[in-house]
1. Which value does Rg/Rh take for the stretch 175-333 over its C-alpha atoms, Rh per Kirkwood?
2. At a Förster distance of 45 Å, what's the computed FRET efficiency of residue 326 paired with residue 473, Cβ-Cβ distance as r, to 0.05?
3. Over 10 Å intervals from 0, what percent of Cα-Cα pairs in the chain sits in each interval?
4. At a temperature of 25 °C and a viscosity of 0.890 mPa s, determine how fast the stretch 1-140 diffuses translationally according to Stokes-Einstein, using the Kirkwood radius over alpha-carbon pairs as Rh; express D in µm²/s, rounded to the nearest whole number.
5. First obtain the Kirkwood hydrodynamic radius of the stretch 278-432 from its Cα pairs, then insert it into the Stokes-Einstein equation at 20 °C and 1.002 mPa s, and state the resulting D in µm² per second as a whole number.
6. How much length is gained on full extension from residue 287 to residue 364, taking 0.36 nm per residue of separation minus their Cα-Cα distance?
7. Modelling each spin label as a point 7 Å along the Cα-to-Cβ direction, I'd like the residue 403/residue 430 distance in nm, to one decimal.
8. Run through every distinct alpha carbon pair of the stretch 362-469 and return the Kirkwood hydrodynamic radius in angstroms, one decimal place.
Ligand SMILES: [Zn+2]
């Protein structure tokens with residue numbers, strides 16, 4: 001191949017050739033969801049973007065350790081270390097245990113991501129499972145002199161850190177601007193300066209999520225968990241850190257400061273950020289009603305769109321845009337994507353049934369392959385890859401219509417590569433099973449087949465009864481005949 005992988009590194013503001021720290025291995029950390037409500041479609045886009053990168057790195061032969069955390073404590077309502085913990089608030093409003101909130105929305109998140117055919121990460125650590133590591137990290141930062149304790153809470157001293165190591169590298173904000181733009185403290189805060197951020201917060205008596213620490217019974221600051229968990233599973237320096245664009249500041253900036261305050265070296269080589277999803281031209285927000293849940297899209301139970309869209313149609317829609325550009329969700333755009341996705345699916349079927357027809361091929365397979373890899377190597381340009389796949393679709397259809405020809409070798413190679421890009425890299429799959437709305441539909445159909453078969457047996461029509469039995473067995477559904485009637489078992 002002529003090209004090698006380049007990625008847009010937010011830290012440098014440019015595309016760079018990707019070189020992993022350890023040859024053949026990649027360590028990748030992506031900030032996961034805060035599990036206090038159903039996963040937002042915008043978040044799904046972010047995770048689909050990183051799923052694409054994970055899949056492509058694996059396709060290139062890298063052994064990837066992909067860590068994506070679950071935030072189940074410490075994420076307050078606003079970024080100024082104020083307000084209630086999001087999970088504790090939900091638990092209070094619904095009169096349930098915080099861990100019930102966490103369980104419910106973690107399950108929802110995994111379920112939705114599985115419907116989008118996103119691969120699970122290699123490790124999915126939780127903040128509450130790493131309280132010990134977070135307390136140790138605070139101690140280390142304090143030992144370096146970059147954190148201070150006030151009334152049982154511990155804060156990171158941004159101004160002091162900035163004197164030794166520049167703060168604001170990722171977001172391009174310098175400390176003077178920050179001082180100028182941050183509102184002054186209202187006297188309620190324990191912080192020395194408004195730029196400082198919490199590493200540990202002392203819990204108020206009503207706060208239910210609390211752990212003992214050397215400073216107080218309290219809970220860790222939100223930025224801390226990602227540093228604790230990425231250091232634990234990927235080391236003090238790793239290859240890729242990703243997340244949504246909105247996390248660049250302050251979350252990722254704070255992660256960098258925490259790690260550098262101890263290790264004195266940049267923790268991450270490539271910072272990758274996925275852009276947001278808008279709905280009908282406007283930012284999605286629960287408060288304005290301009291919002292839609294993934295499952296409401298899949299089953300059509302929403303006020304925004306006239307029809308339902310399958311998870312694969314939505315996944316394909318997001319991949320038709322580059323991960324760094326803003327994408328607007330609209331009925332027209334989704335319908336166009338659905339049509340395009342179906343055309344690709346049909347072409348896969350046509351390709352499967354195609355026979356070689358000549359010694360030479362009317363299509364430059366080698367050049368096409370090169371272009372596909374160049375697209376993906378150019379900062380994971382999935383829309384360009386999809387455009388190249390459509391070029392191949394034209395050729396596939398023209399061979400099927402006997403207007404052009406393909407050799408045996410090229411047919412084999414085209415099949416392999418087309419399948420690899422469609423299934424492995426883009427993570428698409430056939431939507432055949434999406435039509436089954438629930439198990440009762442499948443069960444009803446099977447019962448009907450059993451009834452027909454019983455009637456056939458009663459009238460000694462064994463040809464029909466055996467046909468039903470064998471066809472079901474091929475689908476891994478086993479019929480058991482018993483004196484009281486037949487039953488089925490799905491293997
Ligand atoms: Zn994070």
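Computed from the coordinates by the stated procedures, all read-outs in this text should not be read as laboratory data. Worth saying up front: this structure is predicted, and the values here are computed from it rather than measured. Please note: Cβ atoms are built from the backbone with ideal geometry, for glycine as well, and neighbour counts cover all protein chains shown.
1. Rg divided by Rh gives 1.05.
2. Result of the calculation: an efficiency of 0.35.
3. 4, 16, 23, 23, 17, 10, 5, 2, 0, 0
4. So the translational diffusion coefficient is about 143 µm²/s.
5. 126
6. 22.5 nm
7. Taking the two extended label points, one gets 2.7 nm.
8. Answer for the stretch 362-469: a Kirkwood hydrodynamic radius of 17.8 Å.
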